[in-house]
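S.K.: My questions will all concern the structure given below.
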Amino acid sequence: MESAATDTPVVTDNPAASRYELHVGADLAGFLDYRLREHDGAAVLSLMHTEIEPAFQGAHLATHLARFSLDDARTRGMSVLPFCPYVNSWIKKHPEYADLVPEERRGEFGV
């Protein structure tokens, strides 16, 4: 029997694939695609699409991807463009992350 610790969701950045990956045990349970670019000398992280594998849906795992990606952006001093509908709605539910979206773009994303 596997221990509960093996089932703990773990999120990592996979820059070669331009995505954050969420693993549960040895399984890839989901990912969040992103595009990283420079704009006016500052890094901008565009969060494009979140996907959770069917076997893991309903376990609220996408929240781990959203929180990790936004915390990573904050730590690295990047602004965020939440094109992904899931991340966009997540930011609306967690307004403490709205400051990551550039002020001039907040209206576009409704945050």
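The values are calculated or read from the model by the stated rules, or taken from the named source; none is laboratory data. Just so you know, these numbers come straight off a predicted model, no measurement behind them. Here the Cβ is made from the backbone with ideal geometry for all residues, glycine too, and neighbour counts use every protein chain on show. Protein only, heavy atoms only, side chains kept; ligands, DNA and RNA dropped before computing areas. Shrake-Rupley method; radii C 1.70, N 1.55, O 1.52, S 1.80 Å.
S.K.: In Å², what does the accessible area per residue of the chain work out to with a 1.4 Å probe?
M.R.: 57
S.K.: With springs only between Cα atoms under 10 Å apart, run a GNM on the chain and tell me which of 98, 73, 59 wobbles the most.
M.R.: Highest fluctuation of the listed residues: 59.
S.K.: Cut-off 10 angstrom, C-alpha nodes, Gaussian network model of the chain. Which of 101, 24, 87 fluctuates the most?
M.R.: Most flexible of the set in this elastic network: 24.
S.K.: Give me the percent relative contact order of the chain, please, defined on Cα pairs under 8 angstrom at least 6 residues apart.
M.R.: 19
S.K.: Test of the criteria: in the stretch 1-85, which GluC sites (Glu not before Pro) are in a DSSP loop and have at most 11 other Cβ atoms within 10 angstrom of their Cβ?
M.R.: Those satisfying the criteria are 2.
S.K.: Determine the share of the chain's accessible area contributed by carbon and sulfur atoms, expressed in whole percent, with a 1.4 angstrom probe.
M.R.: The computed percentage sits at 54.
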